[in-house]
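S.K.: Got a structure here, written out as structure tokens. Questions coming.
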Amino acid sequence: MLTDEENILLTQVGRGTPCGELLRRYWHPVAAAAELTDEKPIRAVKILGEELAVYRDKQGNYGLVGEHCPHRLASLAYGRVDAEGIRCPYHGWKFDGTGKCLEQPAEPADSTFKDRIKHIAYPVQYLGGLIYAYLGPAPAPLLPRWDVLVWEHGRRWIVKETVIDCNWLQAMENSVDPSHLFWLHGDTAHLAPRVKEYSEQHDFIRFEYGIRKRRTTLALATGSKPEVDEHPLLFPSVLRHVAPFKEAQSVRHNLQIRVPVDDHHTQVFRANFVPLNNERSPADAPVPFRFTPLKTGPREYRMDMVSAQDSMAWETQGALADRATEHLGVADEGVIELRKLLREQIERVQQGLDPIGVIRDPAQNQLIDLGVINERIGLYP
Ligand code: FES
Ligand SMILES: [Fe+2]
């Protein structure tokens with residue numbers, strides 16, 4: 001249970017709020033690269049409460065600028081791109097990727113007005129099929145090269161899901177809540193019979209990028225060997241997971257990236273990678289993308305899908321869960337640990353320090369192998 005003040009402290013994403021300033025110390029994806037096409041090279045996106053427009057110009061460079069034109073606030077998302085940048089659809093003001101105003105067609109030819117206009121613009125980088133943005137103070141840290149985004153020895157694809165109508169922390173608390181697995185997903189994951197036969201030990205281990213969640217399954221009935229499933233929460237907003245990929249007798253490694261849209265909405269991107277002998281995914285290859293709906297209508301969840309089951313649980317906690325009314329037990333140790341970590345990192349930023357997991361040394365960022373273990377599906381330490 002938290003007080004109302006603590007609940008707000010740990011959840012708000014806006015600029016100037018303690019948690020919003022912490023979240024601005026990390027890179028977040030704003031779109032899949034494949035969502036920007038020649039026919040539709042601009043998209044409106046909202047992240048950390050800020051309305052922005054992401055685009056790909058005619059040279060193939062990505063940009064991210066404030067959605068609302070600084071002239072009279074029309075949306076740049078309906079504008080045009082050329083080789084230099086993005087042009088407003090209303091009166092044609094043009095901007096480059098740094099927010100510099102390049103043209104104001106209706107102003108006198110000798111006007112210097114455009115030189116006094118600086119539009120909102122943020123750095124973006126492409127990695128593994130995603131366009132990442134950094135909304136924090138310079139200098140930006142390195143964009144983490146997580147294994148799933150960088151590996152080449154197989155097949156990679158990106159999934160974007162329906163926007164979830166709740167605060168981002170509800171999704172992240174779920175990532176350190178192993179006791180929900182059997183109850184929420186048991187029927188779908190064919191794990192339900194294990195509820196009676198197995199008991200589990202859960203450990204939450206801090207490491208340099210967040211919290212490793214270790215599930216040790218003890219087979220009480222059969223006396224067989226314990227099995228370990230260990231994968232990390234990458235602070236602040238990513239779950240690194242692995243699941244069987246039966247179609248190719250392999251495993252599907254994935255990042256579940258929960259991007260805070262605003263205080264009451266969260267956009268999940270999933271980056272998937274399946275190791276395969278006969279396929280390669282080099283860094284410059286296009287990465288396939290698909291959209292997966294989680295609902296068929298308001299509160300009509302597709303309850304045969306694991307991700308829809310999770311989103312049902314998160315949304316029905318409330319747009320912002322009222323943590324003053326909850327009752328945490330011993331089994332909620334991971335949730336308590338995450339809140340503690342979050343509070344500590346907010347304080348680090350307030351002290352002018354980098355929070356956990358911020359990378360500035362290129363030698364540390366060649367390829368970050370997160371070493372997931374899942375003995376049940378054949379991944380051993
Ligand atoms: S509102 Fe954008 S150019 Fe006028
Ligand atoms: Fe789940």
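S.K.: Quick one: which residues, 5 or more positions from GLY210 or on another chain, have an amide H under 5 Å from its amide H? H modelled 1.01 Å from N in the peptide plane, none for Pro or chain starts.
M.R.: PHE235
S.K.: Related question: Principal axis extents for region 1-138, Cα atoms only, whole Å, descending order, please.
M.R.: 61, 34, 25
S.K.: Right, another one. Quick one: 3J(HN,Hα) in Hz for region 39-44, Karplus 6.51/-1.76/1.60 with θ = phi - 60°, rounded, Gly and Pro as x.
M.R.: 6, 9, x, 10, 9, 6
S.K.: Oh, and also: What net charge do the residues around ARG280 carry, taking every other residue with its C-beta under 13 Å from that of ARG280, with Lys and Arg at +1 and Asp and Glu at -1?
M.R.: -1
S.K.: Can you work out the accessible area per residue across region 245-285, with the rest of the protein chains kept in place, probe 1.4 Å, in square angstrom?
M.R.: So region 245-285 comes to 46 Å² accessible per residue, rounded to a whole number.
S.K.: What is the Cα centroid distance between region 306-349 and region 1-56, reported in whole angstrom?
M.R.: Centre-to-centre distance over Cα atoms comes out at 19 Å.
S.K.: Taking Cβ-Cβ under 4.7 Å as the only way to count a partner, pick out the unpartnered cysteines of the chain.
M.R.: Flagged as lacking a Cys partner: CYS19, CYS101, CYS166.
S.K.: To continue, here is another question. Name the residues whose placed amide hydrogens come within less than 5 Å of the amide hydrogen of PHE245, ignoring near sequence neighbours (fewer than 5 apart) on the same chain.
M.R.: Correct list: SER250, VAL251, ARG252.
S.K.: Sorting check: for 149-158, 201-210, which peptide has the highest mean count of neighbouring beta carbons within 10 Å, and how do the rest follow?
M.R.: 149-158, 201-210
S.K.: To the nearest 20 debye, what charge dipole does the chain have about its Cα centre, counting +1 at the Cβ of each Lys and Arg and -1 at the Cβ of each Asp and Glu?
M.R.: 660 debye
S.K.: Beyond a 22 Å Cα-Cα separation, which of these cross-linked pairs lie in this structure: LYS225/LYS246; LYS58/LYS94; LYS225/LYS340; LYS40/LYS118; LYS46/LYS114; LYS213/LYS340?
M.R.: In this structure, LYS225/LYS246; LYS225/LYS340; LYS40/LYS118; LYS46/LYS114 exceed 22 Å between Cα atoms.
S.K.: What figure, in Å² to the nearest 10, do you get for the accessible area of SER237 with a 1.4 Å probe and non-protein molecules left out?
M.R.: So the heavy atoms of SER237 present about 10 Å² to solvent.
S.K.: Moving on to the next point. Which of CYS101, ALA138, HIS119 sits farthest toward the positive end of the charge dipole of region 86-215, with +1 on the Cβ of Lys and Arg and -1 on the Cβ of Asp and Glu?
M.R.: The listed residue farthest towards the positive side: ALA138.
S.K.: Across region 260-266, in residue order, what do the Karplus-derived ³J(HN,Hα) couplings come to in whole Hz, using 6.51 cos²θ - 1.76 cosθ + 1.60 with θ = phi - 60° and x for Gly and Pro?
M.R.: Karplus-based 3J(HN,Hα) across region 260-266 equals x, 7, 8, 5, 10, 9, 9 Hz.
S.K.: Quick check: net charge around TYR90, other residues with Cβ under 13 Å of its Cβ, Lys/Arg +1 and Asp/Glu -1?
M.R.: The answer is +3.
S.K.: Classify region 120-184 as rounded, prolate or oblate, taking a ≥ b ≥ c as the square roots of the eigenvalues of its Cα gyration tensor: rounded when a/c is under 1.5, otherwise prolate if a/b is larger than b/c and oblate if not.
M.R.: Note, shape of region 120-184 comes out oblate.
S.K.: Another question, if that's okay. Keeping every protein chain present and rolling a 1.4 Å probe, give me the accessible area per residue for region 291-381 in Å².
M.R.: Normalised by residue count, the accessible surface of region 291-381 is 55 Å².
S.K.: Would you pull out the residues with amide H under 5 Å of ALA74's amide H, same chain only if 5 or more places away, H placed 1.01 Å from N?
M.R.: CYS69
S.K.: Hey, can you list the DSSP H helices of the chain whose Cα span along the axis is 30 Å or longer and whose average Kyte-Doolittle score is at least -1.0?
M.R.: Membrane-span-like by this criterion, though nothing is claimed about a membrane: none.
S.K.: Taking the Cα-to-Cβ direction at GLU300 and at ASP187 and moving 7 Å from each Cα, how far apart do the two end points lie in nm?
M.R.: So the two model labels end up 1.8 nm from each other.
S.K.: Another question about this same structure. Dipole of the chain (Lys/Arg Cβ +1, Asp/Glu Cβ -1, origin at the Cα centre): which of TYR55, LEU255, GLY378 lies farthest to the positive side?
M.R.: The listed residue farthest towards the positive side: TYR55.
S.K.: Quick one: Karplus J couplings for region 317-332, per residue in order, coefficients 6.51, -1.76, 1.60, θ = phi - 60°, nearest Hz, x for Gly and Pro?
M.R.: For region 317-332, the Karplus curve yields 6, x, 4, 9, 3, 7, 6, 6, 10, 7, 9, 7, x, 4, 6, 9 Hz.
S.K.: Turning to a different aspect of this structure: Treating only the Cβ of Lys, Arg, Asp and Glu as charged (+1, +1, -1, -1), what charge dipole size does region 7-142 show about its Cα centre? Round to the nearest 20 debye.
M.R.: Dipole of region 7-142, to the nearest 20 debye: 260 debye.
S.K.: Counting only other residues whose beta carbon sits under 12 Å from that of ARG25, what net charge do I get with K and R as +1, D and E as -1?
M.R.: +1
S.K.: A follow-up question, please. Solvent-accessible area per residue for region 4-44 at a 1.4 Å probe radius, Å²?
M.R.: Accessible area per residue: 40 Å².
S.K.: When the expected Rg is taken as 2.2 N^0.38 Å, what fraction or multiple of it is the alpha-carbon Rg of the chain?
M.R.: Relative to the 2.2 N^0.38 Å estimate, the chain comes out at 1.05.
S.K.: Follow-up. Is region 319-379 rounded, prolate or oblate when judged by the Cα gyration tensor, a ≥ b ≥ c being the square roots of its eigenvalues, rounded requiring a/c under 1.5 and prolate requiring a/b larger than b/c?
M.R.: It is oblate, given that a/c is not under 1.5 and a/b is not larger than b/c.
S.K.: Choose one of CYS166, GLN364, GLN350: the residue whose Cα lies farthest towards the positive end of the charge dipole of the chain (beta-carbon charges +1 Lys, Arg; -1 Asp, Glu; about the Cα centre).
M.R.: Of the options given, the answer is GLN364.
S.K.: Counting only protein heavy atoms, what percent of the accessible surface of the chain is carbon or sulfur at a 1.4 Å probe?
M.R.: 52 percent
S.K.: Could you calculate the FRET efficiency of ILE8 with ASN61 from 1/(1 + (r/R0)^6), where r is the beta carbon distance between them and R0 is 41 Å, rounded to 0.05?
M.R.: 0.60
The values are calculated or read from the model by the stated rules, or taken from the named source; none is laboratory data. These numbers come from a predicted model, not from an experiment. FYI the Cβ positions are ideal-geometry reconstructions off the backbone, even for glycines, and counts take in every protein chain you see. Surface areas here come from the heavy atoms of the whole protein model, side chains and all, with no ligands, DNA or RNA. Shrake-Rupley method; radii C 1.70, N 1.55, O 1.52, S 1.80 Å.
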